[in-house]
Every structure is written in C-alpha cells, then in structure tokens.
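What follows is a single structure, written as structure tokens, with notes after it.
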Amino acid sequence: MEKIKLRISTFQIILLGFMLVIAVGAILLSLPAASKKGEGLRVMDAVFTSTSAVCVTGLVVHDTATYWSSFGQAVIAVLIQIGGMGVVMVAIAIVMLTGGKIGIMQRSTLQESIAAPKVGGIVRFIGFILRTMVIIELIGAAVMAPVFVARFGVKRGLFYSLFHSVSAFCNAGFDLMGSEGEFSSLTAFTSQPLINITVMLLIIFGGLGFLTWDDIRTNKIHFKSYRMQSKVIIIYTFALIILPALYFFFVEFSRQRWSGLSEDERVYASLFQAVAPRTAGFNTVDMSKLSDVGQAMTIILMLIGGSPGSTAGGMKTTTVAVLLASAVSVFRHREDPQCFGRRIEGAAVRNAAAIFTIYIVLFLSGGFIISEIEGLPLGTCLFETASAIGTVGLTLGITPELGMFSRVILILLMILGRVGGLTFVFATVSGRGMGYSRYPQEKITVG
C-alpha cells in the first residue's frame, strides 16, 4: 500500500506551533491551582487568556493580579516569554541546549519565523538573540526592583520586577498591579520616572527587531553602514514616538480633564502614550478619558505596531514605510519606490499593500460585528479590535463583559496579529491555485 506523504509548509508549522502552545497554556490555566480561589476556569476564559499571553497582547477577562494564583501568574509569564521569542525559536533553542542537530527544514522555518534574510548563520544568530533577550530582561528587572521591593516587599517585589520586565520587553502588556485597583495597569506609577523610563525602553528594544539589534552590534554608531531595513525601522520608530508625544503633550493632556497631571506627569504620560500603544498594552493614564482624537491616534499607533522579526505585533513600521515610499514614487513619477538610496522591490510593495488591506478589513469587520452583537458604541469596539489585531492589550474596559462570540473574534484577531497576516494566509491557502499561466493585460483607471 502506497504511503501518503503529509507535506506541511513552514508557514503551517509556525501557525500550528502557536496553536499547540495556546492549547497547552489553556489546559494549565484551567486547573484549580491556577486561580486564587482554587476553582477551575471556564474553557473560553482559559483559551482567551492563553491566546492573549502567547500572542503577547495583554487583553484579559480576569485581572492578572487578583484572580490568578502564583502558579497561574508563572504560567502566564512563561507563555509571554514563549510568545515573545516565537514558538519556533523556543523549539530550536531547546534542541540546541540538548545538543541536537538543526536540519535544513528547521533552519528554513526559523528563517520565516524571525524574518531573517538568509538561512546561513541562522543558528549563531539565534544564540545572539537568546543571550540579548535574557540580558535585557534581567537588566530591566534589576532596575525596577528597588521600586517594587519598596512597595511590595522583597519576594513579591522581585517577582513583580521580573514579570513586568518580561511583559514589557515582549510587548505583552500584562501587569500585576491589581492590588492598586483591578485592571489599573501602571496608572499608580504615572509620576515614577524609573518605572516609566525602564518600561518604555524595554518596549522600544523589544519592538526594534532582531536584525536591527544585529546591525547595532555589528556597526555600532556607523548608521550609514546599516541595512536599509534597519535604517527605516530606526527612523520610523523615532518619528512614531516623537510626533505622537508632541500631540499628547501640547493637545491631549493640556485639556481640562487632565488638569490633575503635574508638568512632569504630562511629560511622562505623553511619551508613554506614544510608546505603549505600538503593541505593548501598558497604560499610565485612564484610557477612557482620552478624547475621540486621542483614541483615534492610539488606534493608528496600535495598527502600525512594531517592526518585523521582533517581539511586537501590528502591520509593522516597514509596511507603512514601503507604502509611503510607493506613494512618493507615484507623486514624483518614478517607476520604483526608493529609500536611503536603494530601490524597493515590487514584491515588497505588493506584500505591504496586502498586509495593509488584511489588517484594515479585519479591524473594521471585527469592530462592526462586535458593536452589532454587543450593542456597544462603534468607536469603543474598533478600539478593542485594533488592540487585538495589533497585539497591544489596551482597552476601554469592555473586554470582561463581552459575550463568547465577540471573544472568539478577538482570539482570532490576536492569533492573526501575532503570526502575521501573510503567514496566516499562506498557512491556510498554501499550494492552492498556483499556476504559471498569465491572463491578458488590460488597463484600469484608479484614483
């Protein structure tokens, strides 16, 4: 009898890996030992929390500090770490530590997982990534430890420091500040410079991308020697922090409703509100008090997200950069988009347009459906779906009250946002409809 060969693409491996970890996490979080009351969690709540942790989102249906036991919080921390590193990278790291061999298939899958430009040297590169992640997370925990230890005691303070360092670096947004008020995030630390600055730096470092780290390590301050991608990421990251921060400082937080903020708190809040929405999910101010424009600005930042090959989600800074470069090339009557003296390939423009379309369609569709089902304001629901597909975790407070169908929508958006729009599409339609024939060309007018 002829054997049937099951062929699984690298995209399907990545997607299945995330689904497997989510399932295991949901089982662990369903155990009575995971909650402080010792009660088993409903399956949907466990799946939602596990998905949010693995997809480093931060949307929750139960306050992380007040509902989960130490065991449950530890499970969430591990899921965040796995999600931030990437399921494939974790699997490869385990093989490396146990002395196993990494084959071509594994290297190719890893390349897709971290958006590396080539397979050569991928294993050494993974070693560099793992060392860098551990060092940065430990430094972040050590810096925040004095504040948390003074506030919560030695044992609890050290755990809080490590948990929030991992959560911030992995752009997850999970917090343990429920003792200050359920679902309060970091609002108790609005005026605390050490926590504000450390968390922001961890978010930025995690969102830059592994290849950008490699460029910084290799070329140091010689910016001209960086890859074009790294240059784009650094410039756009800087712009997406400074410009929104100026808006929040001079416009949003100058409104009467924010009169309780001191000048220093306005500075910290403005910077934090510019950094955190790009997939981190922490907040130091009450999000529901933001104006309509402030919420719209936050939605835009959530959809853009971080950079490729990083711990962050969203449609990515490079996607926006390629689309803007393409628009500029049209305005200037150039055949190809250009950036930093280099021509951008047509495939990158097509991929960027596809990713943008996927995110916008799903973001709007999800918001429309949830608004219709739950009877909630559309703007509030769009904020929630942007947070889910951007794997951010910011909310206007409606997550715990949503029905099962609405939660399923958010779960699907979180998974798609973490594995990537094109990876999700390629995994589900891989090998279908491929052909080499071409239809006759005919012009169509646009614009």
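The values are calculated or read from the model by the stated rules, or taken from the named source; none is laboratory data. This one's a predicted model, so the numbers in the text were calculated from it and none came from an experiment. Neighbour counts run over all protein chains shown; Cβ positions are idealised from the backbone, glycine included. Heavy atoms of the whole protein, side chains included, go into the accessibility calculation; ligands, DNA and RNA do not. Shrake-Rupley method; radii C 1.70, N 1.55, O 1.52, S 1.80 Å.
Numbers below:
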| read-out | value |
| --- | --- |
| Only listed residue being crowded, with 19+ Cβ neighbours inside 10 Å and either among the acidic types (Asp, Glu) or at pLDDT below 90 (or both), chosen from 284, 279, 237 | 279 |
| Residues of the range 247-305 classified as assigned to a loop (DSSP other than H, G, I, E, B) and either acidic (Asp, Glu) or touching a residue at least 40 places away in the same chain (Cβ under 8 Å) (or both), total | 15 |
| Qualifying residues in the range 183-196 (those that are in contact (Cβ under 8 Å) with a residue 24 or more places away in the chain and out of contact with any helix residue (DSSP H, G or I) (no Cβ under 6 Å at 6 or more places or on another chain)) - the one most open to solvent (accessible area, probe 1.4 Å) | 183 |
| Of all residues in the range 56-69 being surrounded by fewer than 20 Cβ atoms within 10 Å (Cβ to Cβ) and touching a Lys or Arg at 6+ places or on another chain (Cβ under 9 Å), the one that is farthest from residue 391 (Cα to Cα) | 69 |
| Search result, residues across the range 222-234 that are in a helix (DSSP H, G or I) and either surrounded by fewer than 18 Cβ atoms within 10 Å (Cβ to Cβ) or free of Cβ contacts under 8 Å to residues at least 60 places away in the same chain (or both) | 223, 224, 225, 228, 230, 234 |
| Residue count for the range 121-159, restricted to those that are of a type outside the set (Val, Ile, Thr), in a helix (DSSP H, G or I), open to solvent by 10 Å² or more (accessible area, probe 1.4 Å) and over 20 Å from residue 204 (Cβ atoms) | 12 |
| Odd one out for residue 302, checked against (1) of a type in the set (A, V, I, L, M, F, W, C); (2) out of contact with any Lys or Arg (no Cβ under 9 Å at 6 or more places or on another chain); (3) under 26 Å from residue 358 (Cβ atoms) | (2) |
| Only one of 385, 311, 357 that is assigned to a helix (DSSP H, G or I), surrounded by 16 or more Cβ atoms within 10 Å (Cβ to Cβ) and out of contact with any Pro (no Cβ under 8 Å at 6 or more places or on another chain) | 385 |
| Count - residues of the range 385-410 that are closer than 17 Å to residue 312 by Cα and either at pLDDT below 95 or not β-branched (Val, Ile, Thr) (or both) | 9 |
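Yes or no, residue by residue, for (1) modelled with pLDDT of 95 or more; (2) of a type in the set (Phe, Trp, Tyr); (3) closer than 30 Å to residue 50 by Cα; (4) not in a helix (DSSP H, G or I):
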{"site": "174", "(1), (2), (3), (4)": "no, yes, yes, yes"}
{"site": "179", "(1), (2), (3), (4)": "no, no, yes, no"}
{"site": "182", "(1), (2), (3), (4)": "no, no, yes, yes"}
{"site": "185", "(1), (2), (3), (4)": "no, no, yes, yes"}
{"site": "198", "(1), (2), (3), (4)": "yes, no, yes, no"}
{"site": "206", "(1), (2), (3), (4)": "no, no, yes, no"}
